[in-house]
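The next block holds one structure in the form of structure tokens; read it before the comments.
The values are calculated or read from the model by the stated rules, or taken from the named source; none is laboratory data. What you are looking at is a predicted structure, and each value in this text was computed from that prediction instead of being measured. Neighbour counts are summed over all protein chains in view; Cβ atoms, including those assigned to glycine, are modelled from backbone coordinates with ideal geometry. Ligands, DNA and RNA are stripped out before the accessible areas are found, and what is left, the full protein with its side chains, is counted by its heavy atoms. Shrake-Rupley method; radii C 1.70, N 1.55, O 1.52, S 1.80 Å.
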Amino acid sequence: MFDLTGQKALVVGVANDQSIAYGCARAFRAQGADLAITYLNERAEPFVRPLAEELDAEIIAPLDVRDATQLDTLFAEIEDKWGRLDTLLHSIAFSKKEDLHGRVVDCSADGFGLAMDISVHSFLRLIKRAEPLMPQGGTCMTVSFMGAQKVVENYGVMGPVKAALEAATRYAAAELGPKGISVHALSPGPLKTRAASGIAEFDALLNDAAERAPTHHLATIDDVGAYAAFLASREAFNVTGSVHPIDGGYSILG
């Protein structure tokens, strides 16, 4: 069985106990990793801090990925406290509601740029800061969705954005592989999270996924966490650059 004892893991994207990031943080901790967990702002802190404290997170810090000062402060704290970082998990995405619910061809340049910045480039910004703290190698992960590869009704501009995220994952994996740093995109099927609740008619997508998936089961945040914990382990050191479906086989269907 793989073991993360002594590893240092940064988890970005916990919003509540339904978050994919929380499922991953819980799995990392169960396998022995020490955690740093971030929250978006003061409004989010009361929901995130109790979860982080339950997991004995050694670092609990605010992080708006658009704020370079907060990014620098966070990584300075990680370096001062731990001296290194083994695992980075990025599980954040954002789009303006009108762009998410509208046609892709109607998306404004500002809206498209904002979605790309928060959902994609923030992953690269985090990797760039994590790289110097991974001299012996490490693992960087983000979270995608099947709408990156196939058209999913009502997913709107997030489809092209997630496609860019998956491409960024491949390029980062190629560039960082010689340093022993692996880069992955986790791709759960439809599952209930606060972010998913913003997608129109999402309950219908959930029901369809459960009915059509070969296992007839939706993925859970614990399923995603278990897979992420494996990828963070030494046993997965030679796996990199891939999109990993965790969806009961839903994505293999035509």
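For the chain, what does the accessible surface come to per residue with a 1.4 Å probe? Please give it in Å².
47 Å²
With the chain treated as a Gaussian network of Cα nodes joined by springs under 10 Å, which of VAL157, VAL224, VAL239 yields the largest mean-square fluctuation?
Greatest mean-square fluctuation among the candidates belongs to VAL239.
Near LEU133, within a Cβ-to-Cβ distance under 12 Å, what is the net charge of the other residues, with Lys and Arg +1 and Asp and Glu -1?
+1
Counting Lys +1, Arg +1, Asp -1, Glu -1, what net charge surrounds GLU45 among other residues with beta carbon under 13 Å of its beta carbon?
Overall, the nearby charge balance is -1.
A 20 angstrom limit on the alpha carbon distance is what I want to check against. Which of LYS97/LYS128; LYS128/LYS179; LYS96/LYS162; LYS8/LYS179; LYS8/LYS128 exceed it?
Correct reply: LYS97/LYS128.
Got a number for carbon plus sulfur as a percent of the chain's accessible area, 1.4 Å probe?
53 percent
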